[in-house]
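Heads up, the thing below is written out as structure tokens.
The values are calculated or read from the model by the stated rules, or taken from the named source; none is laboratory data. Predicted, not measured: the structure shown is a model, and the values here were computed from it. Cβ: placed from backbone, ideal geometry, glycine included. Neighbour counts: every protein chain shown. Surface accessibility is based on the protein's heavy atoms, side chains included, excluding ligands, DNA and RNA. Shrake-Rupley method; radii C 1.70, N 1.55, O 1.52, S 1.80 Å.
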Amino acid sequence: MTAPAARFRSARRVPAALTALVLLAGAALFLYDLIAVRAHRPGMRWRHELAVHLDRLTPADLAVQLTGAALAVAGALLLFLACTPGLRGILPMRTPGQVAGVRAGLGRRDAAQVLRDRAMEVSGVRSVRVKVGRSHVAVRATSHFRELDDVRADLDEVLAVAIGELGLAHPPSPRVRVRR
């Protein structure tokens, strides 16, 4: 029995690198100043000016509140990015056998294009719009000369086969709408 196919996750390299660079720069600046003070040299002038400026501020000041709000939003954004999978446009595929480290995925747009091409092969279908989600495939077809129930039945059959041939780990169920 194979393990269930997990969703693809984004590496999030850019936000992680920017956060690490900002923290590294701040830590290096403070470490340099701390070493200078421990070596009996005067501390950096900006630190003294910052201390004097912060001594005058209270939590009721607008600048303090805006800075706190901006930092809270940035922290919430980083937490959101850390918790969300990211690559939602890739659907995981079944992997035959237990090959370690091998994963396959199919883009939603690519799956929609394949299903659209298969749906266009049905007799009586003039145009088709396909939208592939994680659990459903929304198909909207326009028929021009056959009975709508017959076209819908043929589309259901063709799409069931096509979805099975995509080899997705969690095959979505089709929702078909046919109109004139």
Specify the angular offset, from 0 to 90 degrees and rounded to the nearest 10, of the alpha carbon long axis of helix 45-56 from the longest principal axis of the alpha carbons in the chain. 80 degrees
Can you work out ³J(HN,Hα) from phi for every residue in segment 23-33, in order, using Karplus 6.51 cos²θ - 1.76 cosθ + 1.60 and θ = phi - 60°, giving whole Hz and x for Gly and Pro? 5, 5, 5, x, 5, 5, 5, 5, 5, 4, 5
When the helices in the chain are scored as -39500 (n - 2.57) per DSSP H run of 4 or longer and the sum is shared across all residues, what 222 nm value do you end up with, to the nearest 500 deg cm²/dmol? -17500 deg cm²/dmol
Measuring from the longest principal axis of the C-alpha atoms of the chain, the long axis of helix 62-83 (C-alpha) lies at a number of degrees, nearest 10, equal to 40 degrees
Express as a percent, rounded to the nearest 5, the fraction of DSSP beta bridges in the chain (both residues included) that run antiparallel. 60 percent
What are the residues whose amide H is under 5 Å from the amide H of residue 91, where those residues sit 5 or more places off or on another chain and H is modelled from the backbone? 106, 107, 108
Specify which labelled value, from [x] 18.7; [y] 16.9; [z] 21.9, agrees with Kirkwood radius over Cα pairs in Å derived from the coordinates of the model shown. [z]
Listed by chain and number, the residues whose amide H is under 5 Å from that of residue 178, excluding neighbours fewer than 5 places away on the same chain and using placed H, are 141
Between residue 50 and residue 35, how many nm apart are label points set 7 Å from Cα along the C-beta direction? 1.7 nm
Do any GluC sites (Glu not before Pro) in segment 142-180 lie in a loop, going by DSSP, with at most 15 other beta-carbon atoms within 10 Å of their beta carbon, and if so which? 147
Please give, to one decimal in nm, the separation of the simple spin-label points placed at residue 173 and residue 144, each 7 Å out from Cα toward the Cβ. 3.3 nm
Note to self: with every protein chain in place and a 1.4 Å probe, the chain gives an accessible area per residue in Å² of 72 Å²
Cα-based equivalent ellipsoid, segment 1-84: semi-axes from gyration tensor eigenvalues, Å: 39, 21, 8
What per residue convex hull volume, in Å³, do the alpha-carbon atoms of segment 73-159 yield? 139 Å³
Within 10 Å, count the other beta carbons around each residue, average over each peptide in 23-32, 110-119, and list them highest first. 110-119, 23-32
